Amino acid sequence: MRAHPVVAVATLILVGVGVKLTFFSVPMAAADVRSTKSASIDVAEIHREIKDLPVENLHDMTFVFPVAIDRTI
């Protein structure tokens, strides 16, 4: 006889959560198409605008392999 109130409370909780999700759901966000001027980038304009970029010199030894002195193996 005690199982009936527990089942009733569980059912009420599940129904309440379902009603909340149905009526109080978060609205979908829509993107504003007019927010950007265009989706393309003009690389030539970027090169014209930027005059002096800093240059970093580095000693790149990516493909330098050690050479064995004695190759008689």
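Going through the stretch 1-17 one residue at a time, which ones are in a helix (DSSP H, G or I), open to solvent by 80 Å² or more (accessible area, probe 1.4 Å) and at pLDDT below 90?
His4, Val6, Val7
Taking only the stretch 18-45 into account, find how many residues are aliphatic (A, V, I, L, M) and either at pLDDT 80 or above or surrounded by 10 or more Cβ atoms within 10 Å (Cβ to Cβ) (or both). I'd like the intermediate steps shown before the answer.
Step one: filter the stretch 18-45 for residues aliphatic (A, V, I, L, M), giving 19, 21, 26, 28-31, 33, 39, 41, 43-44.
Cutting the leftovers down to either at pLDDT 80 or above or surrounded by 10 or more Cβ atoms within 10 Å (Cβ to Cβ) (or both) gives us 19, 21, 43-44.
Of the residues in the stretch 18-45, 4 are aliphatic (A, V, I, L, M) and either at pLDDT 80 or above or surrounded by 10 or more Cβ atoms within 10 Å (Cβ to Cβ) (or both).
The values are calculated or read from the model by the stated rules, or taken from the named source; none is laboratory data. None of these values were measured; they are calculated from a predicted model. All Cβ positions, even for glycine, are placed from backbone atoms using ideal geometry, and neighbour counts span all protein chains on display. Note: accessible area is taken over every heavy atom of the protein model, side chains too, but ligands, DNA and RNA are not part of it. Shrake-Rupley method; radii C 1.70, N 1.55, O 1.52, S 1.80 Å.
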